[in-house]
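Read-outs: derived from the displayed coordinates by stated rules, not from any lab. Not measured: the values here are computed from a predicted model. Every residue, glycine among them, receives a Cβ derived from its backbone with ideal geometry; neighbour counts consider all protein chains shown.
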Amino acid sequence: MAVLQKIRQRSALLIVVIGFCLFAFIAGDVFTKGNFGKSSNDVGSVNGKDIPFEDFRLKVSNIEKSQQGVTPTAAANRVWDQEVSIALLTSEFDKLGLRVGAKHIMEILKSDQNIGNNPMFQNSSGAFDEAKFKEAIKTNPQIAQYVKDREKDAELNAKYQMYASMIKAGTYTTESEGKLKYEMEANKVSFAYVGGLYSTIKDSDVKVTDDEIVAYMNKNEKKYKADETREIEYVLIEDKASPEDEAEVKAKVNGLLTGSVVFNTQTGKNDTLPSFKSATNVVDFVKANSDIPYDSTYVAKNDLPAVDADKLYNLAPGEIYGPYMNGKYYCLSKSMGRKVGVNAKASHILISYEGTQVPNKKEKRTKEEAKAKAESILAQVNANPDSFLMLAFTASDDSSSQQGGDLGYFEPNRMVKPFNDFVFGSPIGKVGLVETQFGFHIIKVTDKQDGIRLATVAQKIEASETTSNKIFEQSTQFEMDANEKDFAKTATAMKLNVAPPVTVKAMDESFGPLGNQRNIVIWAFEDGTKVGAIKRFEVANLGNVIAKVKKINPEGLMAVDLVRSYVEPILKNKKKAELIKAKMAGTSLEAIAKATGSTVQQATDITMENPVLNGVGQEPKVIGNAFALTAGKLSAPIEGNTGVYVVKNINTQKAPVLKDHTAYVAKLKAQSAGDVNRVLPALKDKAEIKDNRKDFNY
């Protein structure tokens with residue numbers, strides 16, 4: 001009532017506010033249409049080249065129509081990525097002067113399934129007929145438009161193929177690089193070392209300030225570049241059933257055990273409704289009283305609700321169990337009888353042959369050879385049943401071989417008929433040979449499960465109208481109070497929890513643990529939404545979310561809070577390194593070990609290809625320094641990944657000289673094969689990209 005009273009008190013103000021909002025809406029529409037609103041009709045730009053909104057909108061709409069379930073935001077994100085990529089690549093194509101001929105475009109078009117494999121464009125032998133294709137373009141406007149649209153994509157595709165080929169051709173691996181690769185794999189160094197690990201100094205002994213984190217990010221600006229974000233904290237008031245609602249549902253379900261008398265408005269008389277036990281038509285009773293439809297299937301014990309499985313499974317025919325909880329439902333279950341063998345468990349060894357559609361063939365064999373091998377394995381299993389597991393591992397052509405042939409539990413008719421008939425027609429422990437279209441199966445029946453059929457009345461426990469009204473009042477009350485007082489203190493006073501802040505970008509859909517809440521993100525990025533702004537949102541199947549903009553992070557460097565967990569350890573290790581280096585005084589490893597409270601360790605036959613210190617991890621700088629030293633020489637302190645090290649070279653073993661490094665050149669070429677995929681990210685990194693999508697409410 002307090003909330004309603006406040007609303008009444010503010011009614012005059014609300015009328016004024018609504019009137020002002022209507023004026024603002026009309027005025028805003030006039031200004032927008034007169035180009036006084038949005039600064040641009042473009043959805044964005046790439047290196048100064050605009051992306052027109054109308055063209056962008058049509059492409060987004062096409063994706064929404066062609067792909068069921070895709071959200072407008074997801075479609076907009078996909079089109080944006082495509083437009084940015086096309087703009088960047090087209091610019092590169094133009095710089096290189098790439099041109100595509102008609103024949104090249106035709107080849108690309110033919111690879112389109114809707115063109116190359118279309119019977120309309122094929123000759124009598126089923127091959128693509130270019131003459132028929134061109135004739136169709138002339139005579140059919142729809143085909144002509146489709147091809148015109150595809151030609152644009154085909155031209156881009158053809159140019160990209162040329163571009164990628166040029167990049168690959170321009171990437172050359174020399175003999176010297178192959179030699180270096182060989183030496184990094186084959187040269188070995190042995191050395192003694194002393195390590196002062198960063199972990200020996202407490203984190204609390206070194207402090208890192210926000211300014212130091214910002215300075216580090218400035219030195220690594222590209223790595224810590226950030227889009228504009230909003231940090232939003234919120235309170236969730238769930239629309240869930242109260243204890244009273246739960247008790248009411250339980251009482252209603254309990255009432256089905258005894259029957260009831262209700263007044264029939266049509267006849268003007270009382271009707272006696274049967275109980276669940278006395279109902280003559282159980283299926284109709286379930287339909288009339290349950291929120292979940294009647295299920296006539298037989299269910300194995302392990303598929304029943306875990307807590308009540310024993311009692312449900314052991315019900316005698318006609319016996320009732322409940323009420324009991326199953327998820328968000330109160331239930332009553334009545335046994336409709338049991339059935340033997342509703343599920344079975346089996347293992348098999350598959351021996352396939354040429355012509356069967358089995359991808360994991362271990363060897364080539366004819367059907368006759370496969371049958372002979374299967375019979376041989378069956379004889380081994382019969383002679384020694386314990387050998388089945390190992391034979392499945394080593395001989396079976398089925399992917400289940402990794403599980404010893406175990407196929408788990410399955411219901412009747414799920415497997416092919418000969419396999420199904422053997423398993424469900426044989427007792428547990430039976431082993432036999434069956435042929436199917438996959439090959440020959442040595443089958444072992446390992447278990448069978450009986451099942452029970454249950455008629456279950458389930459009524460959902462959910463918030464009543466009274467409870468939902470109270471939740472709405474509480475949510476509205478909190479929204480009003482939080483706008484006038486401190487957000488966190490208001491939540492505490494109302495015994496509500498403020499969730500950890502969620503950081504979102506303008507085009508995000510996901511909102512932390514609440515999932516897709518695009519409307520909250522849109523609100524947070526609206527021009528009028530400032531730091532401290534608060535708004536309530538009704539979220540389907542969840543409740544009310546009262547959100548507050550806690551922080552606005554402009555485009556630039558990432559917020560310190562977001563990177564602290566990554567950057568702080570790096571800076572702390574640098575400070576720890578200085579403390580450790582100060583202790584590393586001495587002209588021998590023994591003296592340095594004594595000064596640092598550590599011991600002299602040994603590393604043997606380490607390569608640069610695998611620069612790992614046992615018990616420590618990857619330390620390439622340490623290994624590299626060891627290689628650079630002459631025998632007996634002591635290094636200066638080296639800042640590594642895990643600590644500060646001083647090393648003493650004991651021996652460097654050079655690899656035998658090779659006349660030909662072709663194999664190592666090939667390795668390097670294989671490693672660089674995907675370099676072309678790094679071009680587009682590099683172009684995006686250097687480009688000036690302006691994104692206005694949030695101004696168009698996607």
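With the simple spin-label model, which puts each label point 7 Å out from Cα in the Cβ direction, the GLN653 to ILE63 separation comes to 5.7 nm.
Using the beta-carbon distance between GLN602 and ALA628 and R0 = 30 Å, what value does 1/(1 + (r/R0)^6) give for FRET efficiency, to the nearest 0.05?
Values: r = 19 Å, r/R0 = 0.63.
The formula returns an efficiency of 0.95 here.
Cross-link partners of LYS65 among aspartates and glutamates, defined as those whose alpha carbon lies under 16 angstrom from its own and excluding same-chain residues fewer than eight positions apart: ASP55.
Please compute the contact order of the stretch 457-519 in relative form: average sequence separation of alpha-carbon pairs under 8 Å and at least six residues apart, divided by the residue count, as a percent.
Dividing the mean separation by the residue count of the stretch 457-519 yields 14 percent.
Once you order the gyration tensor axes a ≥ b ≥ c over the Cα atoms, which shape class does the stretch 607-661 get: rounded for a/c under 1.5, otherwise prolate or oblate by comparing a/b with b/c? Since a/c reaches 1.5 but b/c is at least a/b, the shape of the stretch 607-661 is classed as oblate.
The label-point distance for ASN114 and LYS219, in a model that sets each label 7 Å from Cα toward Cβ, rounds to 5.5 nm. Under 12 Å from a point 7 Å along the Cα-to-Cβ line of LEU197: which residues of the stretch 638-659 have their amide N that close? From the stretch 638-659, the list is 642-644.
Taking 18 Å as the straight-line reach from the Cα of LYS159, the lysines in range (excluding those fewer than 8 positions away in the same chain) are LYS95, LYS103, LYS110, LYS148, LYS168. A value for percent of Cα pairs over 51 Å apart was derived from the coordinates, and within the list (1) 49; (2) 22; (3) 43 it appears as (1). Compactness of the stretch 316-400 was expressed as the Cα radius of gyration divided by 2.2 N^0.38 Å, which yields 1.89.
The count of lysine pairs in the stretch 280-365 that are at least 8 places apart or cross chains, and whose C-alpha atoms lie under 17 Å apart, stands at 7.
P(r) for the stretch 426-494, from all Cα pairs and a bin width of 10 Å, is 14, 18, 13, 9, 10, 11, 18, 7 %, short bins first.
Estimated at 0.36 nm per residue, the fully extended path between LYS551 and THR258 surpasses their Cα-Cα distance by 99.6 nm. For the stretch 431-466, backbone nitrogen atoms closer than 17 Å to the point 7 Å from ALA309 Cα along Cα-to-C-beta are found at 447-454. Maximal additional length on extending the GLU175-ILE570 stretch stands at 138.4 nm, based on 0.36 nm per residue less the C-alpha distance. In the chain, if the dipole is taken from +1 on Lys/Arg beta carbons and -1 on Asp/Glu beta carbons about the Cα centre, which of PHE478, LEU542, ASN220 is farthest to the positive end? Checking the options against the dipole of the chain, the answer is ASN220.
Multiplying the residue separation of ASP660 and ASP55 by 0.36 nm and subtracting their alpha-carbon distance yields 212.1 nm. Label-to-label distance for ASN123 and ASP447 is 6.3 nm, based on points extended 7 Å past Cα in the beta-carbon direction. If you count Lys pairs in the stretch 387-543 whose Cα atoms are under 30 Å apart, skipping same-chain pairs closer than 8 places in sequence, the total is 23.
Sort out for me the Cα centre separation of the stretch 609-660 from the stretch 302-340, rounded to whole Å. Between the Cα centres of the stretch 609-660 and the stretch 302-340 lies a distance of 68 Å.
Peptides 668-678, 437-447, 644-654 ranked from most to least packed give 437-447, 644-654, 668-678, packing being the mean of other C-beta atoms within 10 angstrom over each peptide's residues.
Within straight-line reach of LYS202, meaning a Cα separation under 26 Å, sit the following lysines at least 8 residues removed in sequence or on another chain: LYS572, LYS574, LYS575, LYS576, LYS581, LYS583, LYS594, LYS621.
Under 13 Å from a label point set 7 Å out along the Cα-to-Cβ vector of ALA164, no amide N atom of the stretch 94-110 is found. Using only Cα atoms, locate the centre of the stretch 587-608 and the centre of the stretch 115-187, then give the distance between them in Å, rounded to an integer. Measuring centre to centre over Cα atoms gives 58 Å.
Separation of the stretch 365-400 and the stretch 278-294, taken as the distance between their Cα centroids, equals 51 angstrom.
Taking the Cα centre as origin and putting +1 on Lys and Arg beta-carbons and -1 on Asp and Glu beta-carbons, what dipole magnitude results for the chain, to the nearest 20 debye? Kindly include the intermediate steps, with their values, before the conclusion.
Details: 92 positive and 88 negative charges, 175 e Å.
Using Cβ point charges on Lys, Arg, Asp and Glu, the chain gives about 840 debye.
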